[in-house]
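All of the numbers you see were taken from the coordinates with simple rules; none came from a lab. A quick note: this is a predicted structure, and the numbers were derived from the prediction, not measured. Positions of Cβ are backbone-derived with ideal geometry, glycine not excepted, and every protein chain shown enters the neighbour counts.
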Amino acid sequence: MINELQRRRFLKGAGVCLALPLFESLAGRNAQAGGEPDGTQRLVVIGHPNGTPQPAGEMEMAPGLRERLAPMEGRYSVVQNLDNSAIKYGQINTGVGTPHSGCFHGFLSGEMHEGIGNERMTFDQRLAADPRHQGARASSLSINCNKRPSAQLGVPQQWFNTWAWQGPGQPVGAHHDPRAVFDLLFAGFEPEDDPAARALLEQKRLYLDAVLDQIHDLQPKLNSTDQVRLDQYLTGVEELDRKTASILDGGLAQCTVGERPEIELNPDAVAPPASLYPEVVDAMFGLLTLALQCDATRLVTFAFASPAGGGSVTGMNFVPGLEGIESGWHPLSHWSAPYGNLSNDTELNRRDFERIIGWHYDKVVGFVQSLDSLVDAQGRSLLDDTLVSFGSWMGSAVHDPRKLYNILFGTGGGAFAEGLTINANERNIADLWVSVMKGFGNDPGTLGIGQTGMDEILI
Amino acid sequence: MGLLLATSGCYTGVRADAGELDTDAGQTSGASADDDGDPPSGESTGAEPLDPELGDCDPDALANSTLRRLNRREYRNTVGDLFGLAAFPDIALPWDDLNTRGFDNDGSSLSLDTASAEQYFDAAVAVASNFEGAGTPPLGECAALSGDGLEDCIESGAQVWLERAFRRPVDDQSVERMMSFVRGAQNYSEARDAVVTFTLTSPLFLFHYKPSADDAPADSAYLVADRLAYLLWSSGPDSALLDAARDGALLDDGRLEDEVERMIEDPRSDRFFDDFAHLWLRLGILNLKPDAEINAELFADMQTETRAFFEFAARENLPLSTLLAGNESYVNGRLADHYGIDGPLGDDEWAWVELPPERRGLLTQGAILVASAGDAFSDPIRRGAWVAEHIVCQEPPLPEGGIPDLPAPEGDEPVTIRELLEEHRENPACASCHALMDPYGLALENYDRLGLHRTAYDNGLAIDPSGVLPGGAEFDDAISMVDAMAQGANFEHCATEFLTAYSVGRALGDDEECFVELVLDAARDRNEAFGLRDVLATLATSYIFVNGGQQ
């Protein structure tokens, strides 16, 4: 058992920090000699279901999308002509839920599963496991704004909703409720100087110590599979303990956080009603901006929605609540063929689909703009420390997992090049992640099917 | 196969309320609510200890146990029962994803991350602040005390308290850990918070697990008690079960069957009947339909009907096939109108009614017809696949190359979906799989997407509901199909398989079919026309439940 007296002594010595205005705090964060970055790198990987339109030419983007990116002209690179790792595993229109969930899974790990639930560790979690990327309140954060609400024959529900995995049987729970994200990242945000509240937090740490002790006692009594599972919980409790310590240590003093989002979500539902989807997305991006600004997390995976449906208006099939859009996102992605209840007007369907995609582009661009607007005393923006990747795990229409494009915003702490258009020449998305990991100082050599890397993205 | 009510004796046609069941529970067991903290003396009968039969099954085929946390239902019920909370506080708990069988109690589908850890901690604090602990050991009798007296009082009840909360024997170290928090308390209120917070954040409370074999073989009775309580009550064992586990009597010959009977008579078993039927038959899908909002009341009534029907047939131990072929149902005015049958007038009035000739059992109930249908039309392929998966457990594999759309009809002549399907089935690769599901769906074409009976499509074409079951039995329509299915063994096996999977908290592997057969054989030996209570009794003493539960 951790010595309680030691802990009490440590806690007693912990100083009280006051909230600083944003500007100074960012200066504090980055104020190294010569204005060099302090080395903190941030990563946000954003993806959407149902595919992006794939134009005929391998180096083109769908009409209108470049224009959507115009506000960030010069601040992004586009990698085109990418394959999804799923293709190497025959996951094109074969098997359960594919290509939708087949392309979702393996996207971040470069490996396809050997049986449902056996996802390998995804590259974001590999980064999260490196001490150099730790120190934030939450070591990583996974978001899925619109989960699939049901299981399917032979497939557990998490298969459709979980993008980040720590390893086989160890999904990283994806959040769909902005209130829960707020609580996770910002509870105790204000540095706690009320003695009674501090006493409660100190008490909380003692309880967490007791939980950790009990987990350690329990471990040897379990079989190896259960040990792995309990270990995942151990990691979660340890992180909660660190978070509690950080609150006592001065909270997230760097910035000022707003109110907890007020969104009317049914506590037992895993997806917002369609009409609330835009509000949920806005709230999530607002929280993410704050989270990066406050160093509440550094590694984020963000799926706009599940890669599978589970019903004609749930999961990827939902109607995203945009004015004038009456069909589901997924049916509209098949604008060119008679599909479900789609209108016979294929041009209208196509325009609606492109509107949905365009709306999501606007949201991502708005997010990176907000990161870019947060500037420290040396003129460095939060986006300079951050790499934001955005794309779909598949194509639209026939959902071909080839000729994909991925947009990289920001320099990730000066590691990544901006303003490039790169032809991946059918290399795999996993190759992109190999080089992203290199840029984060964690060269993995290879990542599943990613064998060559894509170092053109690096400076 | 008789009338649902005819086989049920003197049932009055009103759903048993909790008060009635309370009385029954009091008569069958004087110990169900005995939480006074004094471990009753052992009552071991000295009979042969339980040694579940293995038959021809391969014990190595039994899958490993898997650690799992309490799911939300279990957490709310367990905490509510432990502390006597009038209402569970409105606090977030970790999400429960569903497993391949649609169940929410599978450890491999339940998250264990930082957010879960934090939610459990916050929940413990919230429960502490909502606590109404009078009467709950080891706290209630200590309320008037302070100082050393308070500490001694809590310590004296700590062992019993933690054994109840952790559902297993408790060592001195656990008691000492809890007391280290109690000792820091300044008054009763703080001591109470310490007990609640320590207990509810402990992994020994939060997790079901099975210690490795060499750790504590003597604890197997506790494991069975825990499994049984979460099966039938979605909550922890009461003191009567724990007493029987502690002295080993629980595993005496015949004792588990007695406990199953006692627990079914307890009102807490309502949770099993509601939750299992809801999850097995995926009644929640109704809430995800595009018209769920417009039809909210109707869909809720349908769910009530199906749950009540399941509960009645199960509680009364009617032959399992009654679920398919029973010809009475439980409706209110709105449902009676919807079905076009005589019944109660008001929407708040519910009654058991005899069904007209075109309706029999689960498959013709609104909830099943809506849940299994497509969102836009009856979609007989989808319905057939639903029946194949949930009712006979013979789901066809998903086709290579994905599921193609049905070809559009050629020419201007209207065609039925049966005709379209027949074209599709000219491809032998498609035919073999469709023969496993289409017959069910086509037979149910006499019921539209919302379960209304019809004999023709909107385009005027007549509906032909006849067909051949995968086993070869021919039928004319849904009713004769249901009769044929009720006479076969597939449904009994399938229902038992779902129940077994639910009881052990994981989907069963193909190799584990044999263990399900053992349960069924034992149920048949017990009662030729066995019902769900027979299955529960034999399940509780079966090899897979006693040895292979997910704990």
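Across q = 0.14, 0.18 Å⁻¹, the stretch B:410-524 modelled as identical point scatterers on its alpha-carbon atoms has Debye log10 I(q)/I(0) values of -0.76, -1.02, in the order of the q list.
Here the Karplus relation 6.51 cos²θ - 1.76 cosθ + 1.60, evaluated at θ = phi - 60°, turns the backbone of the stretch A:315-322 into coupling constants of x, 5, 7, 5, 8, x, x, 9 Hz, with x for every Gly and Pro. Computed over the stretch B:59-269, the Cα gyration tensor eigenvalues convert (square root of 5λ each) into semi-axes of 28, 21, 17 Å, ordered from largest to smallest.
Remark: chain B is approximated by an ellipsoid whose semi-axes, taken from the C-alpha gyration tensor as √(5λ), come to 46, 25, 23 Å, largest first. Quick check: the angle from helix B:147-166's long axis to the longest principal axis of chain B, C-alpha only, nearest 10 degrees? The two axes meet at around 30 degrees. Scanning residues 5 or more positions from B:Leu318 or on other chains, those with amide H under 5 Å from its amide H are B:Leu532, with H placed 1.01 Å from N in the peptide plane.
Listing B:Trp280, A:Trp359, A:Trp393, B:Trp95 from fewest to most neighbouring C-beta atoms within 10 Å gives A:Trp359, B:Trp280, B:Trp95, A:Trp393. Model label points for B:Asp511 and B:Ser432, set 7 angstrom from Cα along the Cα-to-Cβ axis, are 2.5 nm apart. Applied to the stretch B:369-378, the Karplus parametrisation 6.51 cos²θ - 1.76 cosθ + 1.60 on θ = phi - 60° returns per-residue 3J(HN,Hα) values of 5, 6, 4, 7, 6, x, 7, 10, 8, 4 Hz, with x for Gly and Pro. Computed from phi, the 3J(HN,Hα) profile of the stretch A:175-185 under the Karplus parametrisation 6.51, -1.76, 1.60 (θ = phi - 60°) reads 8, 10, 10, x, 5, 5, 5, 4, 4, 5, 8 Hz, with x in place of Gly and Pro. Peptide A:303-313 is shielded by partner chain Cβ atoms: per residue, an average of 2 of them sit within 10 Å of its Cβ. Between the beta carbons of A:Gln378 and B:Asp60, assuming R0 = 60 Å, the FRET efficiency works out to 0.35 to the nearest 0.05. With a simple spin-label model that places each label point 7 Å from the Cα along the Cα-to-Cβ direction, the separation between A:Ile459 and B:Asp347 comes to 6.5 nm.
Residues of the stretch B:240-271 with the amide nitrogen closer than 13 Å to a label point 7 Å from the Cα of B:Asp51, along Cα-to-Cβ, please. From the stretch B:240-271, the list is B:253.
Here the residues A:Ser150, A:Ser142, ranked from fewest to most Cβ neighbours within 10 Å of their Cβ, fall in the order A:Ser150, A:Ser142.
Across peptide A:225-237, the average count of Cβ atoms from other chains found within 10 Å of a residue's Cβ is 6. Expressed as a whole percent, the proportion of Cα-Cα pairs in the stretch B:478-551 lying more than 19 Å apart is 33%. Loop only by DSSP, 16 or fewer other Cβ within 10 Å of the Cβ. Give me the GluC sites (Glu not before Pro) in the stretch A:201-249 that pass, ordered by residue number. When the GluC sites (Glu not before Pro) of the stretch A:201-249 are filtered for loop state and at most 16 Cβ neighbours within 10 Å, nothing remains. Legend: ranking of residues A:Asp400, A:Asp177, B:Asp106 from fewest to most surrounding C-beta atoms inside 10 Å; resulting order A:Asp400, A:Asp177, B:Asp106.
How high is the FRET efficiency between A:Glu323 and A:Thr256 when r is their beta carbon distance and R₀ equals 41 Å, given to the nearest 0.05? Result of the calculation: an efficiency of 0.80.
Placing a pseudo-label 7 Å from each Cα along the Cα-to-Cβ vector at B:Ile294 and B:Asp412 gives an inter-label distance of 3.1 nm.
Between the Cα long axis of helix B:296-315 and the first principal axis of chain B there is an angle of about 70°, rounded to the nearest 10. Near A:Leu387, the amide H atoms lying under 5 Å from its own belong to A:Arg42, A:Leu43, A:Val44, A:Gly412; only residues 5 or more places off or on other chains count, and H is placed 1.01 Å from N. Given a Förster distance of 51 Å, report the FRET efficiency between A:Val398 and B:Asp258 from their Cβ-Cβ distance, rounded to the nearest 0.05. E between A:Val398 and B:Asp258, to the nearest 0.05, is 0.25.
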